[in-house]
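Written below as structure tokens is the structure these notes are about.
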Amino acid sequence: MKKTICLILCFMTFLTLTACQNTNPVDDKSEDTDQVSDTMTIKSAVLSDETQDLLYFIDGKYAVYDLNINDEVKSATMCLWTYENDAWVQNSSIKSARVEKNMRIVIYALSDNFSFGAIGQDEKWMVDAGKVVVDFKESLGSVKQLLAVDYEPQLNQEMTLWLKLSHDNEQLELGDFRNIKCNEGFAVTLTLSDQEVDY
């Protein structure tokens with residue numbers, strides 16, 4: 001119980017520190033105020049020195065993204081998928097209508113606790129998925145894929161933010177992770193929707 005509370009506090013501290021750094025400051029005096037872009041983007045976040053120092057002392061794996069969306073987005077869904085009994089299954093998910101134009105997506109994988117969620121100026125939402133295997137047994141090969149480049153999300157299309165798996169195949173073709181047969185694996189996805197949801 002104490003360990004779980006400690007992990008939740010660490011995660012909340014992590015969210016707070018990552019939210020403190022504004023990587024895209026808005027200039028109120030910009031001459032281009034009439035030209036508002038409808039383009040949505042998601043990219044790896046640049047973390048502050050304080051956040052990196054904290055993460056150095058916490059044994060875990062993480063991914064942090066800056067998400068910028070437009071007015072068409074009414075809700076967001078994040079899902080954790082795990083490979084169990086020769087099939088990909090949805091382990092846990094969170095759906096929220098509390099979306100803001102600029103949010104920070106955080107995925108955090110401790111050895112005995114997996115959490116993910118989002119934080120914005122006024123809204124925060126997260127889910128604790130509990131224990132998920134993130135360090136795999138030795139296999140012929142392994143794949144770790146993070147969303148490493150700037151990406152333009154599309155409405156109502158699921159995108160994979162983090163994929164990790166181990167396999168015994170000579171060659172492995174990546175595509176939709178649900179079609180990949182492996183030994184162990186997990187994937188975290190995000191879907192931005194134009195459909196409203198109840199809280």
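Points to keep in mind about this one:
- Amide H contacts of ASN169 (H built 1.01 Å from N, in plane; Pro and chain starts excluded): GLY141 sit under 5 Å, all sequence-distant by 5 or more or on other chains.
- Listed pairs LYS101/LYS131; LYS61/LYS124; LYS131/LYS181 exceeding 27 Å between Cα atoms: LYS101/LYS131
- Neighbour-count ranking [beta-carbon atoms within 10 angstrom, fewest first] of VAL133, VAL106: VAL133, VAL106
- With a cut-off of 14 Å on the backbone N, the residues of the stretch 94-125 near the modelled label site 7 Å out from TYR151 along Cα-Cβ are 105-107.
- A simple spin-label model places pseudo-atoms 7 Å from Cα toward Cβ; at SER44 and ASP198 they are separated by 4.2 nm.
- Between the beta carbons of LYS144 and ASN85, assuming R0 = 30 Å, the FRET efficiency works out to 0.85 to the nearest 0.05.
- Residues whose amide H comes within less than 5 Å of that of CYS182, counting only those at least five positions distant or on another chain, are absent (H built at 1.01 Å from N in the peptide plane).
Every read-out reported here was derived from the displayed coordinates using simple, explicitly stated rules and does not represent laboratory data. As the structure is a prediction and not an experimental result, all values here were calculated from the model. Note that each Cβ is placed from the backbone with ideal geometry, even for glycine, and that neighbours are counted across all protein chains shown.
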